[in-house]
Amino acid sequence: MNVDPQKTMTDAVGAGAARDLVQVAQPHSRNQGVAFDAAWFDATDINLSAVERRTATLTTRRTVKKEWQVAWLIKAIEVIDLTTLAGDDTPGRVARLCAKARNPLRADLADALGLAGRRLTTGAVCVYPTMVAGAVRALDGSGIPVASVATGFPAGLTPMAERLAEIRYAVGQGAAEIDIVITRAHVLTGNWAALHDEIALMREACGDAHMKAILATGDLKTLTNVYRASMVAMQAGADFIKTSTGMEGVNATLPVSLVMARAIRDYLERTGHKVGFKPAGGIRTAKDALAWLILMREELGREWMEPELFRFGASGLLADIERQIEHFVTGRYSANDRHGVA
Amino acid sequence: MNKIVSILDSMEYGPAPEDDANVRAWLARHKGSFGHFIGGVFTRPGKGASLTAVNPANGEALAEVAEGGEKDVDAAVEAATKAFKSWSALSGTARARHLYALARQVQKHARFLAVLETLDNGKPIRETRDIDVPLVARHFYHHAGWAELRDQEFPGYAPVGVCGQIIPWNFPLLMLAWKVAPALAAGCTVVLKSAEHTPLSALAFAEICREAGLPAGVFNLVNGGGATGAALAAHDGLAKLAFTGSTEIGRVLRRQSAGTGKKLSLELGGKSPFIVFDNADIDAAIEGVVDAIWFNQGEVCCAGSRAIVQEGVAEKFHARLKARMETLRVGPPLDKSTDIGAVVAPVQIEQIRARVEAGVREGAALHQPSWAGETFARATEGGCFFPPSLFTGVSPASPLAQEEIFGPVLVSMTFRTPGEAIALANNSRYGLAASIWSQNLDTAFDAARRVKAGVVWINSTNMFDASVGFGGYKESGFGREGGREGMFEYLVAAWQKNARALPESPPLAAPVPVDDEAGPGSAPAGLDRTVKLYIGGKQARPDSGYSYPVLDGRGRLITEAGHGNRKDIRNAVEAARKAEGWTAMTGHARAQVLYFLAENLELRAGEFAERVARMTGISAKKAAAEVDTSVARLIHNAARADKYDGRVRAPQPRMLALALPEPYEVIGISCPDEAPLLAFVSLVAPAIAMGNRVVVTPSQHHPLAACDLYQVLDTSDVPGGVVNIVTGARDQLASVMAKHDDIAACWYVGSAEGSAMVEAESAGNLKATWVNNGKARDWFDASQGQGEEFLFHATRIKSIWTPFGV
C-alpha cells in the first residue's frame, strides 16, 4: 500500500460517523408521547439467541485502545448518573456524592490528559426524593442536574395518588429528572393500555422534569416483554427508558440493552422523537462501560453517546474508571485509595 | 486540538492493531523460505519452483514456499504409506493421545496461529482468533474421542488407508483440521496439499505436529497449486481423496479418480439461500446476514448469499440492512475493530468485481455503503478490499442468483408464500446450506425439511462444530465432515479389503430371435409369458421394441426380456420423481409395506426358487436358500425403516443440532448377475426403506426373478413409481442413469470398468455413487448383504441447527 492503511482506513470508515456530529449539537427535544397503539409492538417477537450472539460479539468486533480508550472513559464519566439509593443515605453522604460529581477525576490526571479547563462532571446525581433538596444545594452552580427516583421506588406498588404526589414532591424540591418505576404486573399480565395510562399520568406529573421510565427488566424476564414495555413507555412520553432499579435479581445486561436500543430506534422511525437510554445496576467496571458505549454507537449512533441521550446508573463504576485512567497516564496499575471517594 | 479532546468529539474507535511481531520472528527464523513436510522433516527449499505467500492486505511478500512436483508427492505418499502400518496398528487410546496433544498444542499457539492466518489470508483477526482457531482445537479434541472409540463405535470397519487431502484458501487451518483430524482418528495417514494462496498455517501446523510428537509420516504436507493438487489426486498410492474447493475442480477430480477405487469426498461450492419469513425477528435476521455473507469477506462456501425475503417485510428488511451496512468496517485485517478484511488475492477480487459489474450491466440494483466511494478506494489501494454489497430485485434466472460470487456480495429476491420460498431456495444446482428465519416453529421446521441442503441453520447461520456433520446436497458435493457421519469417510468395511473379484458378466445376446438348436420343443409348456418393464407401477413395453433372450443355466432359451434403453430410464425416473408420497410416508408405514412384501414373497417362495434355479442353474436347495434369505432381508430392512433415524447433538448451550438422514429420493441401482433375486432385494429394500424411489436394472442375464416381483410389488401395496425396473444391458443403462441429472445417487454392482464409467459419468451433476469396483460381495452373509453400510449410502445427513430460548 502506498498509504498508511491504518490511518486512511480509519478515515474512510469514519466518514459515516461525521454526519451524526452535526446532530449532537442540536438541542434535545422532549418526547411528547403518542396515543397508545398496540400494533407497534404486538407482532414483535425477539429471538433471544440472536440477541445474545450480537451482544457477545459487539465487544469482540470493536475495541478502543490507548488515547481512544481514555477518551471513551472520559465520555463514560460524563454520562454517569452518580447514584446513591440506600436506606442509610444522609445529607452528608449526599453532599459527598455531589462533590465527587463536580470533580470526578483527580486534577493531576485531567491535567496530564490535557483536559485542564475543560468542564468534566458526571451526567447527574441520582438520589431518593427526600435527598433532592440537599443535592440541589450541593450542586448549585455546577450545572449538574439532580435526578430523583420516585413512584414507590423500587417496587412501585404504592397507591397511584401517592406515587404521583411523590413525583410532584421531588420536582418541587428541585429535581430536574425523575426516574419512575412501572407496575410490572401490567407487563406480566399483558395489560399494556393500563401501563400506558400509568406512565402517561406520571409524565404529566413530571411537568418540565425529564422522565426516565425504569422497566425493571429483571422482573419482566423475556426480551419480548422488554421490547413491548419499552415501546409502551415511549408512547406514554418517557424521555428515557431505563433498565433497572438496581434492586432486581438481574439488572442491566447487554442483551436487554440491545432490545431497548432497538425499540428506541423503532420509535424514532415512527415518530421522529429521540428517546434516551439508561442502563443501571451492575455496571461496575471500565470494561463494562466501554461495552455499553460500543453498543450505543453501533446500534443508535454517535448521538447516543452524550448525556442528553445516554446515562449510566452507577455508583461504583467511577472508581474503576479513575484507576484505568491513572494506569494510562502513569503506566502503573492504580489502587482505590489514590482516588477520592464519593 | 488536544488528541483526547478531539476524540471526545468524534468518539471514533481509533486503530487497534494486533501485534504481529512474534509471527514476523517466526518467518524470519525460517528465513522466509519453506519446504514441504515429508516423513517428519521439512525438505530443504531448493532451487525448484516456488510460490510466494502474499499478505493480501498490502501485497507484501511474506515467504517463499516450495512448489511440489510429482517427486515430492511420491515421496510424501511413500512416507504416509510407510507410516500407515504402524499408525493404523496403534491402539485407539494411543491415537487419541496424539490427537489430544495436537489439540493442546493448537491451543497453546492459538494467537500465533490466528495472527499468521490473518497475515496470509487477509481475514480479520477477530475471526481467526474467535472462530477459526478455536474450531481447529475443538476438531482435534472431538476426534481424539473418535480415535479412542473407533473400534467400539464402528465394529467391522478398518481405516481406509493413505489419504490425499486438498484444502482451500478460505479457511486454511480449519479445513486442514476438518480433513486431518478424522483421518488420523480413523487410523489413516495423510498427504495434505495446502492452498497456493495460503500455505503458511499448514506449515506451522507441521511444526506443531513435530512438537507434539506425532510419528513421522502420519501427516505430510506438500505445498503447491493446481498442478501439485492434480499430481496428488492422480497418485495411485492413495485409498482416499478428500477435497474442498470449487465445484469445477470437484468435477475434474471425480472424473480423474473414477475407477481407481479411491474413496472420494467433495465439499464444493454453494449459493445458499437465506430465507426470511414475515414472522422472523427482522433484527436477528439482519445480524444473520452480517454473519452469513460479510463473514470471511463472503469467501465462504456455505455463505448465505441469496436472501429470499417475504414480500410483506422486504422493504423493512432491505432498509435495515442498508443501515447496517453503514456501520460495517472494512479495513486492516489485523485491526481488532475490522469486520471485513482483505480478499485473498487480486485474482479473486477481479472475479468478484467482474460478477458485480455484470450484475449492474444486467440491470440489478446495486447498493453499497455511503462510505464505499472514492475515499475508500484510495484508502484501500494496494490491498484486496471490496465493500459489502447488496443487489436487490434479482431474478432467479440471473447469473447473480445462480453463480457463486465468493465475495461480500448478497443478492436478494422476494417471495409470496412458504411454498414459493422453498421453490426459490431449491432453484439452484447447489445444495450446501440454508438459513431460515422465522419465530414460528411450524414455519421454520417445515422449511428446514423441504429445503435441499446438507446444513440448515434455523435463526442462525454459519455455525460449525466438530460433532455436527457438514457437507452438501446436489452439486455442492458429497460426504460429510464432522461427527459420526464424517468418520465413515475415512473407514471401509474390513471385509472389503480382501474381497475377491467378481466374475465377468458376458455381454447380452443380440436382441433378435434365437437360433435355438434344441427347437421349439425346449420352450416351457404353457401360455407364452411376455416380460415387460415395470415403470410407475405398470408393466410397459420397452421403448426400443426389442427383446433379448433370457437363457437358463445351460444356455437354453427361457423367454425374452425387454431391451430397455435411455427413454425407458427417462420414463422410469419421471415415474420415480412423481412418487413423492413414498418419501413423505413415515418409516413405520414403509415398514408395513416391506413386511407385506416379505409376506407375499414367502407365499410364492417355491415358485421363485424354481425360477432362480432354472435361470442360474444352481441347486434347488441353494435357490430356496436365496429366496428365504431375500425374505429375511426384506424383514431386516422393514425393521430398519423406522429406526435409522438420526441423532441429536447439543453443540452449544440452548442449541440442538439434528443429524437427520434424508433419502436421496431417486436412486439408480444396477444389480449384479450373482444371486439375482437376493442381490436385487438386498439393494432395493434398504433404498426404499429409507424413503427413496428407485430405478433398477436387475441382473442382466437373470432378470426374471426381479420381473416376477412385479406382481408381488403390486399386491404388497408398494405405490407405483417407488420401484421401477428396466431390464436390459446393465452398463448401457447404468451409463444413462449416471448421466441423468434428476437422479441423486447411483449404486452400481458389476465390473471394474462399469464402476469406473459410473463414477466418471456421475460428474455431470456430482451425484453420490456407490460402486463395487468389480469386487464381489457375499449376499448371503448378513455382515456384507445388509446393515448400516446400506442405510448410510441410502441417505445423506442433513444437519439442522435449532437454537431456542426465551
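The values are calculated or read from the model by the stated rules, or taken from the named source; none is laboratory data. The structure presented is a predicted model; accordingly, all values stated were derived computationally and were not measured. Neighbour counts are summed over all protein chains in view; Cβ atoms, including those assigned to glycine, are modelled from backbone coordinates with ideal geometry.
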Single unsatisfied condition, A:VAL250 versus (1) under 30 Å from A:ALA39 (Cα atoms); (2) touching a Gly at 6+ places or on another chain (Cβ under 9 Å); (3) surrounded by 19 or more Cβ atoms within 10 Å (Cβ to Cβ): (3)
Search result, residues across region A:137-166 that are without any contact (Cβ under 8 Å) to a residue 40 or more places away in the chain, part of a helix (DSSP H, G or I) and buried (at least 20 other Cβ atoms within 10 Å of the Cβ): A:ARG163, A:GLU166
Condition check for B:ASN565: at pLDDT 95 or above, surrounded by fewer than 21 Cβ atoms within 10 Å (Cβ to Cβ) and in contact with a strand residue (DSSP E or B) (Cβ under 6 Å, 6 or more places away or on another chain): no
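Results for (1) crowded, with 24+ Cβ neighbours inside 10 Å; (2) without any contact (Cβ under 8 Å) to a residue 24 or more places away in the chain; (3) in a strand (DSSP E or B), shown as yes or no for each residue.
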| site | (1), (2), (3) |
| --- | --- |
| B:ARG649 | no, no, yes |
| B:LEU656 | no, no, yes |
| B:GLU662 | no, no, yes |
| B:GLY668 | yes, no, yes |
| B:PRO672 | yes, no, no |
| B:LEU677 | yes, no, no |
| B:PHE680 | yes, no, no |
| B:VAL695 | yes, no, yes |
| B:HIS702 | yes, no, no |
Lone qualifier among B:GLU753, B:GLU788, B:GLU759 - being of a type in the set (Asp, Glu), touching a strand residue (DSSP E or B) at 6+ places or on another chain (Cβ under 7 Å) and under 24 Å from B:SER265 (Cα atoms): B:GLU759
Region B:370-387, subset closer than 17 Å to B:PRO124 by Cβ and touching a Lys or Arg at 6+ places or on another chain (Cβ under 9 Å), residue farthest from the other protein chains (Cβ to nearest Cβ): B:PHE386
Single condition A:SER230 does not satisfy, out of (1) in contact with a helix residue (DSSP H, G or I) (Cβ under 8 Å, 6 or more places away or on another chain); (2) in contact (Cβ under 8 Å) with a residue 40 or more places away in the chain; (3) of a type in the set (Gly, Ala, Ser); (4) buried (at least 22 other Cβ atoms within 10 Å of the Cβ): (2)
Selected residue (criterion: nearest to A:ILE80 (Cα to Cα)) from residues of region A:307-319 that are surrounded by fewer than 21 Cβ atoms within 10 Å (Cβ to Cβ) and under 10 Å from the mean Cα position of the chain (by Cα): A:PRO307
Helices (runs of 4 or more DSSP H) wholly inside region B:1-100 containing at least 3 residues that are within 14 Å of chain A (Cβ to nearest Cβ) and of a type in the set (A, V, I, L, M, F, W, C): B:3-10
Residues of region A:320-337 satisfying the condition of being without any contact (Cβ under 8 Å) to a residue 60 or more places away in the chain, surrounded by fewer than 19 Cβ atoms within 10 Å (Cβ to Cβ) and outside any loop (DSSP other than H, G, I, E, B): A:ARG323, A:HIS327, A:THR330, A:ASN336, A:ASP337
Qualifying positions in region A:210-266 - part of a helix (DSSP H, G or I), closer than 21 Å to A:GLY152 by Cα and not hydroxyl-bearing (Ser, Thr, Tyr): A:GLY218, A:ASP219, A:LEU220, A:VAL226, A:ALA229, A:VAL232, A:ALA233, A:MET234
Residue that is farthest from the other protein chains (Cβ to nearest Cβ), among those in region A:38-63 that are out of contact with any Lys or Arg (no Cβ under 9 Å at 6 or more places or on another chain) and farther than 15 Å from A:THR224 by Cβ: A:ALA39
Matching entry among B:ARG138, B:ARG104, B:ARG126 (being at pLDDT 95 or above and closer than 22 Å to B:GLN165 by Cα): B:ARG138
Test set (1) closer than 22 Å to A:ARG53 by Cβ; (2) out of contact with any strand residue (DSSP E or B) (no Cβ under 9 Å at 6 or more places or on another chain); (3) in contact (Cβ under 8 Å) with a residue 40 or more places away in the chain - B:GLU287 fails condition number: (3)
Considering residues of region B:781-806 that are assigned to a loop (DSSP other than H, G, I, E, B) and surrounded by fewer than 17 Cβ atoms within 10 Å (Cβ to Cβ) only, the residue farthest from the other protein chains (Cβ to nearest Cβ): B:ASP781
B:THR189 of a type in the set (Ser, Thr, Tyr), in the same structural domain as B:GLN107 (by TED's automatic domain parsing), farther than 17 Å from B:PHE34 by Cα and touching a helix residue (DSSP H, G or I) at 6+ places or on another chain (Cβ under 7 Å): yes
Yes/no for B:ALA401 being in contact with a Lys or Arg (Cβ under 9 Å, 6 or more places away or on another chain), within 14 Å of chain A (Cβ to nearest Cβ) and of a type in the set (A, V, I, L, M, F, W, C): no
Number of the exception - A:ARG297 against (1) in a loop (DSSP other than H, G, I, E, B); (2) over 13 Å from the mean Cα position of the chain (by Cα); (3) within 13 Å of chain B (Cβ to nearest Cβ): (1)
Residue that is surrounded by 15 or more Cβ atoms within 10 Å (Cβ to Cβ) and outside the structural domain of B:PHE205 (by TED's automatic domain parsing), where the choices are B:SER6, B:SER10: B:SER10
Residues being more than 14 Å from chain B (Cβ to nearest Cβ), under 26 Å from B:GLY14 (Cβ atoms) and surrounded by fewer than 19 Cβ atoms within 10 Å (Cβ to Cβ) - total across region A:64-121: 3
Residues (surrounded by 24 or more Cβ atoms within 10 Å (Cβ to Cβ), more than 14 Å from chain A (Cβ to nearest Cβ) and not acidic (Asp, Glu)) located in region B:116-141: B:LEU116, B:ASN121, B:VAL136, B:HIS139, B:PHE140
Those strands (runs of 3 or more DSSP E) lying entirely in region B:407-498 with at least 1 residues modelled with pLDDT of 95 or more and within 14 Å of another protein chain (Cβ to nearest Cβ): B:433-437, B:455-458
